[in-house]
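> Could you have a look at this structure, given as structure tokens, before my questions?
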Amino acid sequence: MAKNLVIVESPAKWKTIEKFLGKDYRVEASFGHIRDLPAKNMGIDIPGGFVPAYEISPEKKKRVTELKKLAKEAEKIWIATDEDREGEAIGWHLCMALGLDPTSVDRIVFHEITKTAIEHAIETPRKIYLDLVNAQQSRRILDRIVGYEVSPVLWKKVRPGLSAGRVQSVAVKILVEREREIRAFVPEESWKIMAKIGGTTPMTIELAKIGSKPAKMKTEADIQDFFASHGMNIGSIKTQKDKKGNLIFTFPQEENFTLIESEVKAGTRTPGAPFTTSTLQQEASRKLGYGVKMTMDIAQRLYQNGHITYMRTDSVNLSDLAINAARDFITKEYGAEYAMPNGRKYKTKQASAQEAHEAIRPTDMNKTPENIHLDPTESKLYRLIWERTVASQMQEAHVETTTYHFSPVSAPNEDWTVKGEVIKFPGFMKLYIEGTDDENDEESDSKKLPLVKKWEGVKSEDFAGNQKFSLPPPRYTEASLVKKLESEGIGRPSTYAPTIQTIQDRGYVVIEAKKLMPTDIAFVVVDYLEQEFEGFMQYSFTAEVEGQFDQIADGKLEWTKMLGDFYTPFHASIEEALGTDGRFSGERILGTDPATGRTVLARMSRFGPVVQIGAPSELTEDEKPRYTNLSPGIYIEDVTLEQALSLFSFPKDIGTYEDKPLVIGQGRFGPYVKWGEAFVSIPRSEDPHGVDQARAIELIEAKKIEDAPVGMYEWEGYTKGKGRFGPFLKWKSLYINVPARFDFDNLSESEAQSLIAAKIDKEANRYIHNWPEVKISVENGRYGPFIKFGKENVYLKRGGKKITEIEEIKVLTLDDVKEMISEQIPDAFKEKKKVVKKAATKKVATKKK
């Protein structure tokens with residue numbers, strides 16, 4: 001039996017570390033967190049001073065028993081969890097679960113899995129830093145309180161099943177605000193006038209100034225006036241359109257120009273700093289197209305296999321050892337002129353960054369992307385990290401920018417310019433050039449200008465006018481949202497990827513062309529939260545809370561005091577919100593239905609965004625309004641009366657196919673073709689009003705091919721598809737999401753089978769009770785067990801008191817559950833009577849907003 005027991009977080013590390021330490025050491029993994037707040041209730045004694053009721057996770061009980069046995073047999077125990085706050089907290093929880101004293105047990109940290117780093121960690125152990133543990137605890141407790149108290153408010157006031165969170169709700173707000181900017185944006189027209197110079201000095205020059213004023217051409221008329229002033233024949237102009245639909249005028253025009261001035265400026269470009277978590281996520285998105293979660297999953301594997309340093313960091317610092325290794329490599333491979341004699345140090349911009357940590361870098365600079373054998377996805381990310389790190393220690397690039405100023409002989413007051421750039425010394429650019437998020441950057445390629453001397457004449461071959469329209473701010477990608485969160489001080493490296501995943505999982509966001517698009521429910525929830533919890537939704541509030549966590553980590557703030565100062569006003573706002581009447585639906589009145597004279601409005605319903613004809617005050621007793629779902633791409637905020645009324649033209653009969661009726665319909669998830677009992681989605685980009693019989697048949701046949709089984713699991717075929725929430729597998733009645741870490745197009749049969757098996761296991765743990773014949777079940781949920789009644793979520797309450805003990809829940813009968821439903825929904829089981837509708841009375845419609 002080994003004398004030393006070393007406990008790490010991940011099983012992927014233990015064999016490598018055990019090999020470095022030798023036979024006297026046994027390395028075991030905790031498999032991440034072993035204790036957490038209970039799933040069945042909040043698990044926090046708020047009056048008692050925010051005391052958490054931690055419990056060992058059910059799936060970790062066996063592992064804890066094994067670790068306890070090994071700990072008793074070992075002479076010495078080392079806690080070697082990750083070096084961040086989360087890792088410190090896991091180490092503390094291990095001590096609590098294993099009966100160890102956290103103030104005396106040896107704690108070792110390392111930011112790379114190399115023999116040198118592991119041996120150094122063993123030689124320099126420390127104790128668990130309780131301030132770091134308390135910083136993590138306070139974050140976990142505060143976020144649990146927010147989720148448990150705000151989410152039920154949303155269930156009651158907006159729609160069941162919604163969730164809120166300190167970071168996730170602000171992230172959704174950022175996306176909603178950007179979407180509103182885009183919708184409110186009014187593009188401005190402008191024109192560029194260019195002249196193509198021919199002969200021995202080919203180049204294209206652009207009109208910059210007329211006299212001392214910038215040449216601003218706003219309309220087509222301005223262009224034609226300018227052409228006329230140069231004596232051009234408007235009739236000879238050729239007109240065409242570019243791929244964006246903008247006009248381009250071209251016409252032959254020989255005109256003599258003179259070079260009036262030549263400006264030459266020398267400049268330098270500095271390499272970007274080594275990667276932090278957020279900059280790696282951004283660059284991997286720009287250059288590789290990787291999502292944030294995929295990037296972190298790959299980086300985790302690279303770290304665990306000893307190829308890179310720890311991947312959750314906000315520091316740009318490199319150790320002297322790494323700087324020296326990079327310099328030696330650069331000198332050997334590129335020459336001494338490319339190396340920095342004394343290295344280059346970067347200063348982290350974030351005040352909260354931990355400079356003692358390092359940036360993400362290769363553990364060995366000599367492990368080049370060419371000689372390290374990785375799978376294709378890992379290889380691409382490793383190359384990015386390796387090149388960025390080495391480039392950061394290379395010399396600056398030296399560039400020379402030349403600007404020519406020409407004037408036409410016929411109009412000497414006009415200034416026509418052209419810029420060129422020459423790289424005099426490539427420096428770091430020989431290896432690496434940083435990506436950009438600027439979608440409007442059309443002229444990023446440098447160009448060398450032909451040599452022209454001052455006062456030399458050149459002649460144009462033709463003129464051109466290019467129409468341009470200003471563009472709205474771009475929608476956020478996952479990477480640019482990370483950049484925004486970081487710039488606002490919202491969240492930390494360990495929270496970016498989970499936050500973005502959560503807002504997708506909750507249905508607040510969909511991804512289209514790699515852009516994050518907020519859904520209708522996102523707008524409604526953000527508006528409601530800002531109305532009721534204005535302070536909680538401020539960027540500054542979330543950033544201030546992060547700053548307070550940092551103070552706790554530094555031992556400058558007592559964590560229970562911080563939670564108390566937060567909770568008192570927060571809980572008061574919860575009580576106030578619950579005390580208000582009615583629901584919040586984000587309702588917009590669009591106008592009047594000409595056929596009935598009734599109000600047409602758009603709102604959020606339990607089933608998603610809808611358009612409704614008939615306000616409550618206009619309906620007779622027991623009469624329901626007419627309503628239909630909004631099509632994807634049409635939003636409550638901007639749907640027009642005309643669009644809304646057109647949606648009521650569905651369902652529409654368009655004939656038959658193979659003796660089955662064809663009907664165009666509009667549903668919660670968009671327009672569809674109903675063919676007999678089968679439903680086939682109509683693409684979001686297609687107008688359902690234009691779908692005829694022939695097009696419907698095309699969609700049906702394409703669906704048949706798509707639905708053909710691609711593999712087998714337990715003698716049943718499974719299919720592949722791509723839906724609103726991404727790629728999925730379908731087996732029997734189960735839909736299985738395929739995570740981004742899998743190559744969906746090349747998914748192997750073994751990968752598909754493991755995903756299906758995992759889904760079956762998860763579904764098996766979903767139900768505590770299930771009575772499908774009456775559409776009632778008791779299910780395990782994120783915030784504990786609850787009753788599912790049809791499409792409604794109902795609390796497990798009896799006599800107004802919540803039932804939280806799982807043993808008590810397990811013995812509930814159907815009658816018990818029905819009583820609880822009736823207590824909260826009095827008419828739930830009341831038999832509905834058929835009522836003869838009275839004639840509707842026309843009422844004056846509410847004023848259009």
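> Translational D (Stokes-Einstein, µm²/s) of segment 665-786 at 20 °C and 1.002 mPa s when Rh comes from the Kirkwood sum over C-alpha pairs? Present the calculation step by step, with values, prior to reporting the outcome.
Working: Rh = 16.9 Å.
The Stokes-Einstein estimate is 127 µm²/s.
> Another question, then. Label point 7 Å out from Lys76 along Cα-to-Cβ: which residues of segment 90-132 have amide N under 16 Å?
Under 16 Å, as judged by backbone N against the label point of Lys76, lie 104-109, 118-128 of segment 90-132.
> Take the alpha-carbon centre of segment 749-786, take the same for segment 352-407, and report the distance between them in whole Å.
45 Å
> Moving on to the next point. Hey, rough spin-label estimate for Lys624 and Thr640, points 7 angstrom out along Cα→Cβ, what's it come to in nanometres?
Label-label distance for Lys624 and Thr640, simple model: 3.1 nm.
> A further question follows. Could you pull out the GluC sites (Glu not before Pro) across segment 191-289 that fall in loop regions by DSSP (anything but H, G, I, E, B) with no more than 14 other Cβ atoms inside 10 Å? Before the final figure, lay out each step's value.
Numbers: sites: Glu206, Glu220, Glu254, Glu255, Glu261, Glu263, Glu283; in loops: Glu254, Glu255.
Here the GluC sites (Glu not before Pro) that fit, given the DSSP loop and packing criteria, are Glu254.
> Just read off the accessible area of Ile210 with the full protein assembly in place, 1.4 Å probe, to the nearest 10 Å².
Per-residue accessible area (Ile210): approximately 60 Å².
> 5 Å is the cut-off here: which amide hydrogens, built 1.01 Å from N in the peptide plane, fall below it relative to Ala208, excluding neighbours closer than 5 in sequence?
Counting only residues 5 or more places away or on other chains, the set is Asp415, Trp416, Thr417.
> Residue farthest toward the positive end of the dipole of segment 425-552, with Cβ of Lys/Arg at +1 and Asp/Glu at -1: which of Ile511, Leu451, Val525?
Going by the charge dipole, the pick is Leu451.
> In addition: Can you give the relative contact order of the chain as a percent, counting alpha carbon pairs under 8 Å and 6+ residues apart? Please list the in-between numbers first.
Details: 1429 pairs, mean separation 102.7, N = 849.
Result for the chain is 12 percent.
> Just the number: Rg to Rh for segment 584-667, Cα atoms, Kirkwood Rh, two decimals. The partial results should precede the final answer.
On the way: Rg = 14.3 Å, Rh = 13.8 Å.
Expressed as Rg/Rh, it is 1.03.
> Determine which residues of segment 120-161 fall in the zone a paramagnetic label at Lys3 would reach in this model, i.e. backbone nitrogen under 16 Å from the point 7 Å along Cα→Cβ.
Once the point is set 7 Å along Cα→Cβ of Lys3, 122-123 turn out to lie under 16 Å by backbone N, inside segment 120-161.
> Going by Cα centres, segment 224-275 and segment 125-177 are how many Å apart?
For segment 224-275 versus segment 125-177, the Cα centre distance is 53 Å.
> Using a Förster distance of 56 angstrom, determine the FRET efficiency expected from the C-beta separation of Thr417 and Arg180, and round it to 0.05. Kindly include the intermediate steps, with their values, before the conclusion.
Numbers: r = 38 Å, r/R0 = 0.67.
In this case the efficiency is close to 0.90.
> Assuming a strict under-23 Å limit between Cα atoms, what lysine pair count do you get for segment 173-281 once near-sequence pairs (fewer than 8 apart, same chain) are dropped?
25
> If you don't mind, there's one more thing I want to ask. Roughly how many debye, to the nearest 20, is the charge dipole of the chain about its Cα centre, given +1 on each Lys and Arg Cβ, -1 on each Asp and Glu Cβ, and no other charges?
Dipole size: approximately 1360 debye.
> Still on this structure, I have one more. Kindly point out which whole DSSP H helices in the chain project their C-alpha atoms 30 angstrom or further along the helix axis while averaging a Kyte-Doolittle hydropathy of -1.0 or above. Mind showing how you got there, number by number?
Numbers: long enough: 130-157 (40 Å, -0.19).
Answer set is 130-157.
> A follow-up question, please. How much length is gained if the chain between Lys68 and Ser617 is pulled fully straight, taking 0.36 nm per residue apart and subtracting their Cα-Cα distance, in nm to one decimal? All intermediate terms of the calculation are to be shown ahead of the outcome.
Values: separation 549, 0.36 × 549 = 197.64 nm, distance 6.73 nm.
So the extension gain works out to 190.9 nm.
> Given that compact globular proteins tend to follow 2.2 N^0.38 Å, what is the ratio of the alpha-carbon Rg of segment 298-422 to that value? Display every interim value, and only then the final one.
Details: Rg = 21.0 Å, N = 125, 2.2 N^0.38 = 13.8 Å.
For segment 298-422, the normalised Cα radius of gyration comes out at 1.53.
> Another one. So which of Lys19/Lys72; Lys674/Lys788; Lys652/Lys830; Lys483/Lys515; Lys60/Lys156 end up more than 26 Å apart, counting from Cα to Cα?
In this structure, Lys674/Lys788; Lys652/Lys830; Lys60/Lys156 lie more than 26 Å apart at Cα.
> Relative to the present Cα-Cα distance, how much length would full extension add between Lys722 and Lys660 at 0.36 nm per residue of separation?
19.7 nm
> Using only the Cα atoms, what convex hull volume per residue in Å³ does segment 685-733 have?
Working: hull volume 4.9 nm³, N = 49.
Looking at segment 685-733, the number lands at 100 Å³ per residue.
> Expressed in nm to one decimal, what extension gain is obtained for the pair Lys15 and Ser470 from 0.36 nm per residue of sequence separation less their Cα-Cα distance?
On the way: separation 455, 0.36 × 455 = 163.80 nm, distance 5.68 nm.
Residue separation times 0.36 nm, minus the Cα-Cα distance, leaves 158.1 nm.
> Another question, if that's okay. What nm distance separates the two modelled labels at Lys347 and Asn737, each placed 7 Å from Cα along Cα→Cβ?
Calculated label separation equals 4.2 nm.
> Check cross-link reach from Lys76 to the lysines: straight Cα distance under 17 Å, and skip same-chain residues fewer than eight apart.
Lys3, Lys23, Lys68, Lys127
> To the nearest 10 square angstrom, how much accessible area does His120 have with a 1.4 angstrom probe?
We get 110 Å² for His120.
> Continuing with the same structure: Return the Rg/Rh value of the chain, two decimal places, where both radii are evaluated on C-alpha atoms and Rh is the Kirkwood radius. Write out the running numbers ahead of the final one.
On the way: Rg = 32.6 Å, Rh = 32.2 Å.
In the chain, Rg relative to Rh is 1.01.
> Okay, moving on. Can you work out the FRET efficiency for the pair Ala828 and Lys556, with r the C-beta to C-beta distance and R0 = 60 Å, to the nearest 0.05?
Plugging the Cβ-Cβ distance into 1/(1 + (r/R0)^6) gives 0.65.
> Hey, another quick one. Along the charge dipole of the chain, Cβ charges K/R +1 and D/E -1, which of Ala479, Ser138, Ile237 sits furthest on the positive end?
The one lying farthest along the dipole's positive direction is Ser138.
> I'd like the FRET efficiency for Glu698 and Asp143, computed as 1/(1 + (r/R0)^6) with the beta carbon distance as r and R0 of 60 Å, rounded to 0.05.
Efficiency, from the Cβ-Cβ distance: 0.80.
> At 222 nm, what helix-only mean residue ellipticity would the chain give, in deg cm²/dmol to the nearest 500, using -39500 (n - 2.57) for each DSSP H run of four or more? Please report the intermediate quantities before stating the final value.
On the way: 21 runs with 278 residues, N = 849.
After summing the helix terms and dividing by the residues of the chain, the value is -10500 deg cm²/dmol.
> Suppose all protein chains stay in the model; what accessible area per residue would a 1.4 Å probe give for the chain, in Å²?
Working: 42740 Å² over 849 residues.
So the chain comes to 50 Å² accessible per residue, rounded to a whole number.
> What spacing in nm lies between the two simple spin-label points modelled at Ala513 and Thr219, each 7 Å away from Cα in the Cβ direction?
Each label point is offset 7 Å from its Cα along the Cβ direction, giving 3.0 nm.
> Leaving out ligands, DNA and RNA but keeping every protein chain, what accessible area does Val418 have, in Å² rounded to the nearest 10, with a 1.4 Å probe?
Its heavy atoms expose roughly 10 Å² to the probe.
> Would you mind checking the radius of gyration and Dmax of segment 25-104 based on alpha-carbon positions, in Å?
13.6, 45
> Something else now. Please tell me the relative contact order of segment 268-427 in percent, rounded to the nearest whole number, where contacts are Cα pairs under 8 Å and at least six residues apart.
On the way: 248 pairs, mean separation 46.3, N = 160.
Normalised by residue count, the contact order of segment 268-427 is 29 percent.
> Report D for segment 515-572 in µm² per second (integer): Stokes-Einstein, Kirkwood Rh on Cα pairs, 10 °C, 1.306 mPa s. Before the final figure, lay out each step's value.
Numbers: Rh = 13.3 Å.
Rounded to a whole number, D works out at 119 µm²/s.
The values are calculated or read from the model by the stated rules, or taken from the named source; none is laboratory data. Quick caveat, the model's predicted, so the values are computed rather than measured. Quick reminder, even Gly has a Cβ in these numbers, built from the backbone with ideal geometry, and neighbours come from all protein chains shown. These accessible areas exclude ligands, DNA and RNA; they are computed on the full protein's heavy atoms, side chains included. Shrake-Rupley method; radii C 1.70, N 1.55, O 1.52, S 1.80 Å.
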